[in-house]
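The values are calculated or read from the model by the stated rules, or taken from the named source; none is laboratory data. Given the structure is predicted, the values throughout are model-derived calculations rather than measurements. Using ideal geometry, Cβ is built from the backbone for each residue, glycine included, and neighbour counts are taken over all protein chains shown.
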Amino acid sequence: NKRILFKDYITGAPKESDMVQTVGSIKLKVPEGSNSVLVKNLYLSCDPYMRNLMNKPMEGEESYILPFFPGQVVTGFGVCKVVDSGHPNFKEGDYVWGITGWEEYSLVPSPEALFKIPFTDVPLSYYTGLLGMPGVTAYAGFHEICKPKKGEYVYVSAASGAVGQLVGQYAKLMGCYVVGSAGSKEKVDLLKNKFGFDEAFNYKEETDLVATLKKYFPEGIDIYFENVGGPMLDAALLNMRVKGRIAICGLISQYNLDKPEGVHNLFMLITKRVTMTGFVSMDHYHCYPEFVEKTRNYIKEGKIVYVEDTVEGLEKAPAALVGLFSGRNVGKQVVLVARE
Ligand code: NDP
């Protein structure tokens, strides 16, 4: 059983060498009397939150998700096939998505955290992104947190990524005006030509983000879907419209910093009566059935498209995860471990 271990707590940007590949043994049978589920991992997901689990936990710090501990198998979202099950809800041959290990086979001790895959007439890898955790994040974050109305002005940062590309498309389906930012010309082209954003720009080429946003939103921003934080959040704050909404989905520009940058323009929340709300996808899993049904229809009708960046082989997973922090991925970062 090839597997990837997390070495030790880190500071700064993650490196491939923070993880190491080893071989362990695993019995391809669930232990007698246990209600765990044994799965074969097909696709693994690289997600920015995994970086935050590599920080040494501070004493007394509370988090909704446990950090990694040195020497453990890296865990994350994945798409798997059930090989053996001691749990009444799962049987051999079922396809599932949820938290699994970065290894060929995993024994999942809490199968409550696994979702049965409802439709297999789409690529199974979609359950790491479009129809998995990032998809729920985009759907719930946009509809439940941002509460969009037709015709509103929407700005999305890290817009070509797993979450951002979907937020932009949901916003277009709502009849909003949508602008996205991303870190390369290739990504900007995707936003405009593949995902249907009205406008897009490369934030790395802009020296004055406040002026850039003013140029794209002369009347101001109603909804900012925040994925990056730092100076981008400050620039967006200065461009918000009265009664605007900011959904704090992620702050990836801050994850590798020992000391996060300050936010300077919070006074805008008062003067413009702006609501800024942080949210976590797992609080919104109640909308999963509705989300998956609607989104599947959008896929079938060609109203939603999805771009994935797939590397093949478990041994490529650490580099793929690290690549998220330099924008190496174009679309949702997936690791193909096994086809079946
Ligand atoms: P992506 O697929 O978008 O990958 C990350 C992207 O972030 C990179 O490709 C890069 O794109 C961009 N990026 C990296 N470093 C920086 C930086 N310093 N400044 C600006 N952009 C940067 O990831 P996801 O779509 O999965 O996640 C997007 C955000 O959503 C993250 O902040 C993540 O933590 C958050 N998230 C939150 C969830 C929640 O429950 N609240 C759930 C899922 C995700 P580029 O080339 O454009 O720079």
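Values computed for the structure shown
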quantity: ALA140 being farther than 15 Å from GLU290 by Cβ and among the hydrophobic types (A, V, I, L, M, F, W, C); calculated: no
quantity: Conditions (1) farther than 30 Å from PRO260 by Cβ; (2) away from the ligand (no atom under 16 Å from the Cβ); (3) modelled with pLDDT of 95 or more; number of the one not met by GLU32; calculated: (3)
quantity: Extreme residue, nearest to VAL280 (Cα to Cα), among residues of segment 240-249 that are in contact (Cβ under 8 Å) with a residue 40 or more places away in the chain and either outside any strand (DSSP E or B) or within 16 Å of the ligand (Cβ to nearest atom) (or both); calculated: CYS249
quantity: Tabulated pairs, segment 177-202, first touching a residue at least 12 places away in the same chain (Cβ under 8 Å) and at positive phi, second surrounded by fewer than 24 Cβ atoms within 10 Å (Cβ to Cβ) and part of a strand (DSSP E or B), C-beta under 7 angstrom, 6+ apart or interchain; calculated: none
quantity: Residue in segment 286-305 that is surrounded by the most Cβ atoms within 10 Å (Cβ to Cβ), counting only those that are away from the ligand (no atom under 16 Å from the Cβ), in a loop (DSSP other than H, G, I, E, B) and not acidic (Asp, Glu); calculated: LYS303
quantity: Residues of segment 51-102 classified as of a type in the set (Phe, Trp, Tyr), over 23 Å from ASN256 (Cβ atoms) and within 16 Å of the ligand (Cβ to nearest atom), total; calculated: 1
quantity: Any strands (runs of 3 or more DSSP E) falling wholly within segment 70-124 and containing at least 3 residues that are under 21 Å from CYS287 (Cα atoms) and in contact with a helix residue (DSSP H, G or I) (Cβ under 9 Å, 6 or more places away or on another chain); calculated: 75-85, 95-101
quantity: Residue in segment 189-196 that is farther than 27 Å from ASP309 by Cα, within 16 Å of the ligand (Cβ to nearest atom) and acidic (Asp, Glu) present; calculated: no
quantity: Segment 306-337: number of residues that are loosely packed, with under 15 Cβ neighbours inside 10 Å and either of a type in the set (A, V, I, L, M) or within 11 Å of the ligand (Cβ to nearest atom) (or both); calculated: 2
quantity: Within segment 193-233, considering residues that are part of a helix (DSSP H, G or I) and aliphatic (A, V, I, L, M), the one surrounded by the fewest Cβ atoms within 10 Å (Cβ to Cβ); calculated: ALA211
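Condition check ((1) modelled with pLDDT under 95; (2) touching a His at 6+ places or on another chain (Cβ under 7 Å); (3) closer than 25 Å to SER326 by Cβ) across all residues:
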{"site": "GLY196", "(1), (2), (3)": "no, no, no"}
{"site": "ALA211", "(1), (2), (3)": "no, no, no"}
{"site": "PHE217", "(1), (2), (3)": "no, no, no"}
{"site": "ASP222", "(1), (2), (3)": "no, no, no"}
{"site": "LEU238", "(1), (2), (3)": "no, no, no"}
{"site": "SER253", "(1), (2), (3)": "no, no, yes"}
{"site": "LYS259", "(1), (2), (3)": "yes, no, yes"}
